[in-house]
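S.K.: So that we are looking at the same thing, I have put the structure below in structure tokens.
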Amino acid sequence: MAVQKAQHDLRQLIRAKRQAMAFDARQNKSLTATKQAMALLSGQNVKKVASFLSMPEEIETGYLHEAMIEAGYTIYLPKVVELNAPLAWGLYAQKGLPKQRLEKDAVGLLAPVVCMAEVELDVVMMPLVAFDALGNRLGMGGGYYDRTFANKIREKAPLLLGFAYACQQVTTLYPNPWDVPLAGIVTELQARWFDVFF
């Protein structure tokens, strides 16, 4: 119970920090983080990337998607087909083709109409509320990413890459046994793989 209370309080604190950020600052940090992400991924054999549509307070993924499309990546988005189940994935965009039509999923978020449970992804850009220097990630509490990648072998694809503002980093997170760690993190100040991953 104490852990849940601490996580709830941390979520409130970080969300307040993001909400207090001025619009221009959000855009500038998002653009810089996009450049960081593209530089980090350029050294990897990446073709299929899963990303997410950012909520108003989250780091803006629109710039990232445009840069990835231009670089020739195929972008997928997650879809909650059923509550408390793993995510499905749907094609969103690729160079030379119009973006796919979106509809609200089981939790009311926009997602591709056509989705598959299994897609061979190279990288998953993951939303998060907080992260630490060891690759631990605190999400919104729904557990969808953890359920989806519960059986992932740490060194194997897809690489799970957090995408967030630098202000979302905390000193230490205490993960639950079922929490799936990140392979790396991208913010406006850094883009790196965690030492414990490689």
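We did not get these values from a lab; they are worked out from the coordinates using the rules stated. Bear in mind the structure is a predicted one, so any value in this text is a computation, not a measurement. Cβ atoms come from the backbone with ideal geometry, glycine included; neighbour counts cover every protein chain shown.
S.K.: Note the full-extension length gain between LYS35 and LEU53 as 0.36 nm times their separation in residues minus their Cα-Cα distance, in nm to one decimal.
M.R.: In short, 4.7 nm is gained.
S.K.: Measuring from centroid to centroid over Cα atoms, what is the spacing of the range 142-166 and the range 55-106 in Å?
M.R.: Cα centroid to Cα centroid, the span is 16 Å.
S.K.: By the gyration tensor of its Cα atoms, with a ≥ b ≥ c the square roots of the eigenvalues, what is the shape of the range 40-83: rounded for a/c under 1.5, prolate for a/b over b/c, or oblate?
M.R.: Because a/c hits 1.5 or more and a/b fails to exceed b/c, the range 40-83 counts as oblate.
S.K.: Note down the magnitude of the dipole of the chain about its Cα centre, charges +1 on Lys and Arg C-beta and -1 on Asp and Glu C-beta and zero elsewhere, to the nearest 20 debye.
M.R.: Working: 21 positive and 19 negative charges, 17 e Å.
Result for the chain is approximately 80 debye, rounded to the nearest 20.
S.K.: Okay, moving on. Using the alpha carbons of the chain, what is the convex hull volume per residue in cubic angstrom, as a whole number?
M.R.: Measuring per residue, one finds 120 Å³ for the Cα hull of the chain.
S.K.: Here's a follow-up. Full extension from ALA106 to GLN44: what is 0.36 nm times the residue separation minus their Cα-Cα distance, to one decimal in nm? Please report the intermediate quantities before stating the final value.
M.R.: Values: separation 62, 0.36 × 62 = 22.32 nm, distance 3.34 nm.
Additional length available on full extension: 19.0 nm.
S.K.: How would you classify the range 148-198 from its alpha-carbon gyration tensor, with a ≥ b ≥ c the square roots of the eigenvalues: rounded for a/c under 1.5, else prolate if a/b is greater than b/c, otherwise oblate? Mind dumping the intermediate values first?
M.R.: Details: a/c = 2.02, a/b = 1.38, b/c = 1.46.
Since a/c reaches 1.5 but b/c is at least a/b, the shape of the range 148-198 is classed as oblate.
S.K.: Hey, what do the phi angles of the range 79-96 turn into as Karplus ³J(HN,Hα) couplings, whole Hz, using 6.51/-1.76/1.60 and θ = phi - 60°, x for Gly and Pro?
M.R.: My calculation for the range 79-96 gives 9, 8, 7, 9, 4, 6, 10, x, 6, 9, 10, x, 4, 10, 7, 7, 4, x Hz in order.
S.K.: With an 8 Å cut-off on Cα pairs and a minimum separation of 6 or more residues, tell me the relative contact order of the range 134-190 in percent. Could you put the intermediate results ahead of the total?
M.R.: Working: 57 pairs, mean separation 31.0, N = 57.
Once divided by the residue count of the range 134-190, the mean separation gives 54 percent.
S.K.: Extending each Cα 7 Å along its Cβ direction at VAL81 and TYR174, get the distance between those two points in nm, one decimal.
M.R.: Using points 7 Å along Cα→Cβ, the separation is 3.7 nm.
S.K.: Between VAL119, VAL107, VAL49, find the one with the highest GNM mean-square fluctuation for the chain; connect C-alpha pairs within less than 10 Å.
M.R.: Per the Cα network of the chain with a 10 Å cutoff, VAL107 tops the list.
S.K.: Here is a follow-up. Using a 10 angstrom cutoff on alpha carbons, build the Gaussian network for the chain and name the most mobile of ALA111, ALA67, ALA33.
M.R.: Largest GNM mean-square fluctuation: ALA67.
S.K.: At ALA133 and ASP24, where each label point lies 7 Å from the Cα along Cα→Cβ, what is the point-to-point distance in nanometres?
M.R.: Placing both labels 7 Å beyond Cα along the Cβ direction yields 3.3 nm.
S.K.: OK, next. In a GNM of the chain with a 10 Å cut-off on Cα contacts, which of VAL123, VAL180, VAL114 has the highest mean-square fluctuation?
M.R.: VAL114
S.K.: Rounded to the nearest 5, what is the percent of antiparallel bridges among the DSSP beta bridges in the chain?
M.R.: 50
S.K.: Hey, what did the chain get for relative contact order, percent, Cα under 8 Å, at least 6 apart?
M.R.: Computed value for the chain: 21 percent relative contact order.
S.K.: Taking every Cα atom in the range 1-92, find the radius of gyration and the maximum pairwise distance Dmax, and write them in Å.
M.R.: In Å, with Rg to one decimal and Dmax whole: 16.0, 46.
S.K.: Does the range 1-43 come out rounded, prolate or oblate by the C-alpha gyration tensor, with a ≥ b ≥ c the root eigenvalues, rounded set by a/c under 1.5 and, if not, prolate when a/b is larger than b/c and oblate if not?
M.R.: Oblate.
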